[in-house]
Amino acid sequence: MLELNDVSKSFGGTAVLTRVSLALNDGETTVVLGPSGSGKSTLLRTMNLLEIPESGCLSINGDSVTFGGSLTRKQVSAIRRRSAMVFQGYNLFPHQSVLDNVAMPPVLNGKADRAASRARAVELLGKVGMSHRLEEYPDNLSGGQQQRVAIARALAVEPDYLLFDEPTSALDPELEAEVIRVMVDLARERRSLVVVTHNIGFARRVADRIVFLADGGIGFDGTPEDFFASESERIRRYLNVFDAV
Amino acid sequence: MTDFLSLWADSLPQLLAATVKVTIPLSIIAFVLALVVAVLATVMRLSRIRPLQWVSRFYVWLFRGTPILVQLFIIFYGLPAAGITLSAWTSAIIAFTLNTGAYAAETLRASVQSIPRGQLEAARTLNFTGWQTVRHVIAPQALRIALPPLGNDLIDLVKGTSLVMVITLADVFQVGRQIAATNFQPLALYAEVAVVYLAIFTVLSFLQSRLERASNRYIRSPRA
Ligand SMILES: Nc1ncnc2c1ncn2[C@@H]1O[C@H](COP(=O)(O)OP(=O)(O)OP(=O)(O)O)[C@@H](O)[C@H]1O
Ligand SMILES: [Mg+2]
């Protein structure tokens, strides 16, 4: 369970999230939709404490933090190890091989020794279809390949929740499809995924749940069926943009 | 021409001795210490503690903003007036360390800041500690980026050591000058001194390009 309670976040006096509460269930794929600037990234980044809200609290499977005071390093790391983030820009470490990118983090986290971590990394890279490029450096890979390595890296630290912030927005359609395929597999395995995306097809086909952000709060929270059938003016306007293309 | 060559042959042992005894050790000692100072100044500059940032900025401002010759004079001739008397060697090491350190600190700061922010966020979400992030993400990349400009700082330092004669040290240039003053062959001698510097420069730029190539192996190759 990932729970946000009454979370508020602003940037320089501009409120982005206003008293947002949300409870996500393990094993579900939640897709976060919303117009540009509605706070999707901010919401996702809060779950990993890349953004620290002014108030409210966050708990993930028994670890919790209350915002407002200062957080200890221990609290932050306890929450952080429960999720891992996949970024739009991949953010692989360019000086490390594909294999090292995936194998190093568990070792640094003290979760596994070098040999075990390498074996696991090879397995995860196989899962995302990257077995053939283990010793390659990230800059020599296509965007789709880099993103699949980034997904393997996120899986390597064994998070409860995988957080995706527009993982395919920088990719051409065919490369997008390879990444989406990997994400669909993860959803089928009943991993807990939170996905910010503009890929409406993915939301329609894969989401167990849709969260729609608008005006600093949650404008919709429910099943994809209900979402795509919604009569709400704001949701219709948002979806029309995609129908137009 | 034969005159020229025999002049060179006669004076070469003395010039090489001065190179080995002063120019090279001074350059090496000052450069190693300068790197330590530069790392320290960079850590202070990029720390979140304001007074440390100020100290670092002030240091770089002071030593980049004044000529090395003035720095040498202040340390060797000026400080005794304040009760601090240092040998020529100590003065030279201090001046060249602090001067080169200031340039190297700027180089390192720019290198660290050129690492994309996204990588630091990735390190945070992967729960790396601050030290692990420095050790495994920032330092290896910053050093690679800094290598060519640091090599240039070293080359500048070697040539700059020719100024130590003003504080009585007998480096290769000073010894060349002394010989020229006795045999009245300034052209031959100064040309010979220039050749010694060129030889050092050639070795250094060779090493520099080797190091760069070794550390660039993960950069996208032209074929890819
Ligand atoms: N670090 C920051 N400093 C200042 N303002 C910020 C910062 N991060 C986000 N914002 C602002 O907060 C608002 C929400 O940003 P956020 O990135 O969460 O939106 P988003 O829904 O992810 O948008 P997009 O679809 O464009 O990615 C925007 O108005 C943005 O300009
Ligand atoms: Mg966003």
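The values are calculated or read from the model by the stated rules, or taken from the named source; none is laboratory data. Since this is a predicted model, take the numbers as computed values, not measurements. All Cβ positions, even for glycine, are placed from backbone atoms using ideal geometry, and neighbour counts span all protein chains on display.
Collect the residues in the stretch A:60-71 that are touching a Leu at 6+ places or on another chain (Cβ under 9 Å), free of Cβ contacts under 8 Å to residues at least 40 places away in the same chain and in a loop (DSSP other than H, G, I, E, B), keeping them in residue-number order.
Answer for the stretch A:60-71, where residues must be touching a Leu at 6+ places or on another chain (Cβ under 9 Å), free of Cβ contacts under 8 Å to residues at least 40 places away in the same chain and in a loop (DSSP other than H, G, I, E, B): just A:LEU71.
For the stretch A:42-57, name all the residues that are within 16 Å of ligand 1 (Cβ to nearest atom), within 20 Å of the chain's Cα centre (by Cα) and more than 29 Å from A:GLY143 (Cα to Cα).
Matches in the stretch A:42-57: A:ILE52, A:PRO53.
Could you run through the stretch A:203-217 and say how many residues are within 16 Å of ligand 2 (Cβ to nearest atom) and among the small types (Gly, Ala, Ser)?
Summing the residues that are within 16 Å of ligand 2 (Cβ to nearest atom) and among the small types (Gly, Ala, Ser) in the stretch A:203-217 gives 3.
Output the number of residues of the stretch A:88-106 satisfying the condition of being within 16 Å of ligand 2 (Cβ to nearest atom) and facing chain B (nearest Cβ under 7 Å).
2
Restricting attention to the stretch A:156-195, and to residues there that are of a type in the set (Asp, Glu) and at positive phi, which single residue is farthest from ligand 1 (Cβ to nearest atom)?
A:GLU158
From A:LEU186, A:LEU171, A:LEU175, which residue is in a loop (DSSP other than H, G, I, E, B) and touching a residue at least 12 places away in the same chain (Cβ under 8 Å)? Full working, then the answer.
Values: A:LEU186 fails: in a loop (DSSP other than H, G, I, E, B); A:LEU175 fails: in a loop (DSSP other than H, G, I, E, B).
Being in a loop (DSSP other than H, G, I, E, B) and touching a residue at least 12 places away in the same chain (Cβ under 8 Å) holds for just one of A:LEU186, A:LEU171, A:LEU175, which is A:LEU171.
Name every residue in the stretch A:123-145 that is assigned to a helix (DSSP H, G or I), closer than 23 Å to B:GLU121 by Cβ and more than 12 Å from every other protein chain (Cβ to nearest Cβ), in order of residue number.
A:LEU124, A:LEU125, A:GLY143, A:GLY144, listed by residue number.
Tell me, which residue of the stretch B:118-145 that is facing chain A (nearest Cβ under 7 Å) and hydrophobic (A, V, I, L, M, F, W, C) is farthest from the chain's Cα centre (by Cα)?
In this case the residue turns out to be B:LEU126.
Which members of the stretch A:16-40 meet the condition of being farther than 24 Å from A:GLU158 by Cβ and near ligand 1 (Cβ under 9 Å from one of its atoms)?
Of everything in the stretch A:16-40, those that are farther than 24 Å from A:GLU158 by Cβ and near ligand 1 (Cβ under 9 Å from one of its atoms) turn out to be A:VAL16, A:LEU17, A:GLY34, A:PRO35, A:SER36, A:GLY37, A:SER38, A:GLY39, A:LYS40.
Please count how many residues of the stretch A:44-54 are away from ligand 2 (no atom under 16 Å from the Cβ) and either among the β-branched types (Val, Ile, Thr) or surrounded by fewer than 16 Cβ atoms within 10 Å (Cβ to Cβ) (or both).
Counting residues in the stretch A:44-54 that are away from ligand 2 (no atom under 16 Å from the Cβ) and either among the β-branched types (Val, Ile, Thr) or surrounded by fewer than 16 Cβ atoms within 10 Å (Cβ to Cβ) (or both) gives 2.
Mind listing just one residue for me: the one in the stretch B:1-15 that is surrounded by 15 or more Cβ atoms within 10 Å (Cβ to Cβ) and not small (Gly, Ala, Ser) and, of those, farthest from the chain's Cα centre (by Cα)?
Only one residue tops the list, namely B:LEU7.
Could you list, in sequence order, the residues of the stretch A:188-201 that are away from ligand 2 (no atom under 16 Å from the Cβ) and buried (at least 22 other Cβ atoms within 10 Å of the Cβ)?
Answer for the stretch A:188-201, where residues must be away from ligand 2 (no atom under 16 Å from the Cβ) and buried (at least 22 other Cβ atoms within 10 Å of the Cβ): A:SER192, A:LEU193.
Does A:ALA150 count as touching a strand residue (DSSP E or B) at 6+ places or on another chain (Cβ under 9 Å), within 13 Å of another protein chain (Cβ to nearest Cβ) and in a helix (DSSP H, G or I)?
Yes: the conditions hold for A:ALA150.
State which residue pairs qualify: first residue farther than 17 Å from A:VAL182 by Cα and inside the stretch A:132-146, second residue at pLDDT below 95 in any location, beta carbons under 6 Å apart, and separation of 6 or more residues or different chains.
If the second residue must be at pLDDT below 95, the pairs left are A:TYR137/B:TYR218; A:ASP139/B:ARG220; A:ASN140/B:ARG220; A:ASN140/B:ALA224.
Based on this model, can you work out whether B:LEU26 counts as within 12 Å of the chain's Cα centre (by Cα), of a type outside the set (Gly, Ala, Ser) and crowded, with 16+ Cβ neighbours inside 10 Å?
Yes.
Select from the stretch A:1-43 the residues that are part of a strand (DSSP E or B), without any contact (Cβ under 8 Å) to a residue 40 or more places away in the chain and within 16 Å of ligand 2 (Cβ to nearest atom) and list them in ascending order.
Result: A:PHE11, A:THR14.
Quick one: B:SER56 ticks every box in (1) among the small types (Gly, Ala, Ser); (2) under 24 Å from the mean Cα position of the chain (by Cα); (3) within 14 Å of chain A (Cβ to nearest Cβ) bar one, so which box is it?
Among (1) among the small types (Gly, Ala, Ser); (2) under 24 Å from the mean Cα position of the chain (by Cα); (3) within 14 Å of chain A (Cβ to nearest Cβ), the lone unmet condition for B:SER56 is (3).
Answer yes if at least one residue in the stretch A:83-101 is under 18 Å from the mean Cα position of the chain (by Cα) and surrounded by fewer than 21 Cβ atoms within 10 Å (Cβ to Cβ), and no otherwise.
yes
With within 14 Å of another protein chain (Cβ to nearest Cβ) and either surrounded by 21 or more Cβ atoms within 10 Å (Cβ to Cβ) or more than 15 Å from the chain's Cα centre (by Cα) (or both) as the only criterion, which of A:SER77, A:SER64, A:SER36 stands out?
Only one candidate qualifies: A:SER77.
Just need a number here: residues in the stretch A:201-222 that are part of a helix (DSSP H, G or I) and charged (D, E, K, R).
Qualifying residue count, the stretch A:201-222: 2.
If I ask for residues that are at pLDDT 90 or above, under 18 Å from A:THR197 (Cβ atoms) and either touching a helix residue (DSSP H, G or I) at 6+ places or on another chain (Cβ under 8 Å) or loosely packed, with under 14 Cβ neighbours inside 10 Å (or both), which ones from the stretch A:231-245 would you list?
Of everything in the stretch A:231-245, those that are at pLDDT 90 or above, under 18 Å from A:THR197 (Cβ atoms) and either touching a helix residue (DSSP H, G or I) at 6+ places or on another chain (Cβ under 8 Å) or loosely packed, with under 14 Cβ neighbours inside 10 Å (or both) turn out to be A:ILE235, A:LEU239.
Spot the failing condition for A:CYS57; the list is (1) outside any helix (DSSP H, G or I); (2) within 16 Å of ligand 2 (Cβ to nearest atom); (3) touching a strand residue (DSSP E or B) at 6+ places or on another chain (Cβ under 9 Å), and only one is missed.
(2)
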